[in-house]
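Each value in this text was obtained by applying a stated rule to the coordinates, not by laboratory testing. Just so you know, these numbers come straight off a predicted model, no measurement behind them. Every residue, glycine as well, gets a Cβ built from its backbone with ideal geometry; the counts of neighbours run over all protein chains shown.
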Amino acid sequence: MTAQQRTPQQALGSGFGMRSTPSEVIAGADLSGKLAVVTGGYSGLGLETTKGLAEAGADVIVPARRPDHAREVLAGLGDTAGTITVDEMDLGDVASAGGFGQRIADGDRSVDILINNAAIMACPETRVGDGWEAQFATNHLGHYVMTNKMWPALDADGGARVVALSSTGHKLSDIRYDDIHFTSDYDKWIAYGQAKTANSLFAVHLDALGAEHGVRAFAVHPGGIMTELQRHLPKEEMIAMGWMDEAGNINELFKTPEQGASTSIFAATSPQLDGMGGVYCEDADIANLEDPDNAMGRFFGVKPYAIDAANAAKLWDVSAAATGVNAFV
């Protein structure tokens, strides 16, 4: 895809905003007969995403590291227009992530929507796989392998959309190609930032590869949301960062999980995005580039390095070399 064909990184004026809900952005849509996959689709933001898609008629598959727990939680949603099923997958284990993706590819249905939602954040230094830093491995490499293995099911009918959840945390770090896995000087927030930049770049390059097949990809910043993602953060740290006050009152810039899910569902289903892809979205719209002169720039918009096509292609090659997986070779 040439630079001229790339979707502009600028807001559409979608008519939605930071407080929009899934029911609002998907109003009138009938997803009956569609198949969606939502990683981490049984807690917090992912649970609301699963709920929104299933209520609109989509059949949703939720891969989970703890499948029995996921089934218990999802049963609490009650009746939905679409079915919800659970499979087993551990994103921190490439074999497990690839195995799930392969099972989907070997199935009898094409995938219309893939939402790579699951993540870990600011965890203590942890190693998985071949000594990989856990946030990069889980948030990016696991999804990279799973999606590549699943590619035949995404490609089967054309028109599929892939949504990779990034975060405003991407502004903390570009990809550290000289030491991606923090062989020294581990910093939990820089590692998280790198992983979220990787999620955005993954969407950029997958879209470049997939567009000719009718498969489009989007990166999404769901907004600040209090979920299990914060499980590694003590209250004192969240107070110091301004996420909450001493009494535990949450910063007004934060969203509810339901509000946060709206941008994922917008990117996955909105007809406003037909023929588009490879962009970073927030508040149920395409985001603008970060304004360096705006005092609130830390919270809105996207850094140029997180949507740079050359950077995205380089990361894809690095990921392919590390995992031995590339559906496009």
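General remarks:
- For the range 3-317, the calculated P(r), taken from all Cα-Cα distances in 20 Å bins from zero up to the bin holding the longest distance, is 35, 61, 4 percent.
- Relative contact order computed over the range 3-317 (Cα-Cα under 8 Å; 6+ residues apart), in percent: 23
- Taking 0.36 nm per residue of separation and subtracting the current Cα-Cα distance, fully stretching the chain between Asp291 and Gln272 would add 4.4 nm.
- Helix screen, the chain: DSSP H segments with Cα axial length of 24 Å or more and mean Kyte-Doolittle hydropathy at least -0.5 are 188-210.
- Extension gain from His69 to Ile190, taking 0.36 nm per residue of separation minus the Cα-Cα distance: 40.5 nm
- Positive minus negative residues near Asp157 (Lys, Arg vs Asp, Glu; Cβ under 11 Å): 0
- Cα gyration tensor shape for the range 72-132, rounded if a/c is under 1.5, else prolate or oblate: oblate
- The chain - mean residue ellipticity at 222 nm from DSSP helices (-39,500 (n - 2.57) per run, n ≥ 4, rounded to 500): -10500 deg cm²/dmol
- Counting beta carbons within 10 Å around each of Ile26, Ile265 and listing the fewest first gives the order Ile26, Ile265.
- Compared with the direct C-alpha span, the chain from Thr83 to Phe299 gains 74.2 nm at full extension, assuming 0.36 nm per residue.
- Between the range 155-172 and the range 53-127, the Cα center-to-center distance that results, in Å: 15
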